[in-house]
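What follows is a set of notes on a single structure, which appears directly below.
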Amino acid sequence: MKKPNQKPPAGWASQRRMLCASVPVLAMASGMGALPCAVHAQADWMPTKPIKMIVPYPPGGGSDTVARIVVQAFGNRLGQPIVIENRGGANGAIGTELAFAAAPDGHTLLMSSADTYSMYPPLYPKARFTSQEFVAISPSAKVNFVIMGRPDLPARTLPELIALAKKSRLTYGTWGNGSGAHIAMSLFSSVANVEMIHVPYQGAAPAAQAAIAGQVDLAMMPMHLAASFRGKLTAFGVAASHRIESVKDIPTLTEQGTPVLADAWVGVVAPPKTPPAIAATLARAFSETMADPEVSRRLIAVGLVPFIASREQFAAYLAEDYAFWGKTIRASGIRIEN
């Protein structure tokens, strides 16, 4: 089993440069212990200033939560701090557009997600970025969604919820038109054969607060927030293929007879035309970060599922995910003009 590196001491980046110059290439065969040097043996690039990590959503969402868990360990491995910049708005498009237009010098990265990368383009025909032109760096986590209900909703089980929705049109909140939660709830409505009214908010946390206050009947919430609202909202089911370890008592929608699979991903991409040498350095450093058991523990603790893959595997996954959601969204007939 590969052993993750411990947190490096101050001056680690400069020390590692000198050390790597004297390490034979054959040392790479020893595994993870040689991986930091392999970064320099294969690609000489290293950041020369703090790296900006754009999160295209307000604080508290899935992308933001993941970013705040990984940035310190990621920065330690690069010898530069990672500065999170929340640039929310337009369902993630504003921050994504900024990253898309940024210089491809390795000092600006995007904590992307299925919402903006895979779902936004087929929903918005005038999108001002091209997802396939981003350079894949590394995945970080899978995000599952949970249907939660307001405290006084006269339903406690999924069958009761569906029966209630057939009698009257319920409302549900998400973090925006065309968001992953919006798509997931649209799929649920289709499978359950019910019609509900969508109420978009500026973030997942505001949507949850609206349900608590009784302003909407339901909220499709990311698991990391759903776990923290368990005492205030009723959980009806997870839109995943299996139960989630941190909340095993919440059944999946599928096992309750309503097959809806709508998990999403969060991961790092770089601006278009980022050179391979820069991408390789960033990817290896992030892979080391994801191999850190403390990082995995913190992700799992908030209801997220660590997602580890090579840069090449992540690029292939992105292509498949983009095609899947494009096909799913077009089949659903959902289209939002911008």
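Descriptive notes on the structure:
- Among all residues of the range 99-108, there is at least one that is hydroxyl-bearing (Ser, Thr, Tyr), surrounded by fewer than 24 Cβ atoms within 10 Å (Cβ to Cβ) and within 21 Å of Gly61 (Cα to Cα).
Residues checked against (1) among the small types (Gly, Ala, Ser); (2) over 24 Å from Ala315 (Cα atoms):
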site	(1), (2)
Val191	no, yes
Phe236	no, yes
Asp249	no, yes
Val266	no, no
Ala285	yes, no
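- Some residue of the range 146-164 being surrounded by 14 or more Cβ atoms within 10 Å (Cβ to Cβ) and closer than 18 Å to Asp64 by Cα: no
- Failed criterion for Pro59 (all others in (1) closer than 19 Å to Ala285 by Cβ; (2) surrounded by fewer than 24 Cβ atoms within 10 Å (Cβ to Cβ) hold): (1)
- Thr274 being in a loop (DSSP other than H, G, I, E, B) and in the same structural domain as Tyr120 (by TED's automatic domain parsing): yes
- Breaking point among (1) modelled with pLDDT under 95; (2) farther than 26 Å from Ile54 by Cα; (3) crowded, with 17+ Cβ neighbours inside 10 Å, for His242: (3)
- Residue tally, condition part of a loop (DSSP other than H, G, I, E, B) and either surrounded by fewer than 18 Cβ atoms within 10 Å (Cβ to Cβ) or at pLDDT 85 or above (or both), over the range 303-333: 6
- Exactly one residue out of Asn144, Asn91 is in contact with a helix residue (DSSP H, G or I) (Cβ under 6 Å, 6 or more places away or on another chain) and at pLDDT below 95, and it is Asn144.
- One residue alone among Gly214, Gly231 is touching a residue at least 40 places away in the same chain (Cβ under 8 Å), surrounded by fewer than 17 Cβ atoms within 10 Å (Cβ to Cβ) and assigned to a loop (DSSP other than H, G, I, E, B), and that residue is Gly214.
The values are calculated or read from the model by the stated rules, or taken from the named source; none is laboratory data. Because the structure is a prediction, the values reported are computed rather than measured. All Cβ positions, glycine included, derive from the backbone under ideal geometry; neighbour counts span all protein chains shown.
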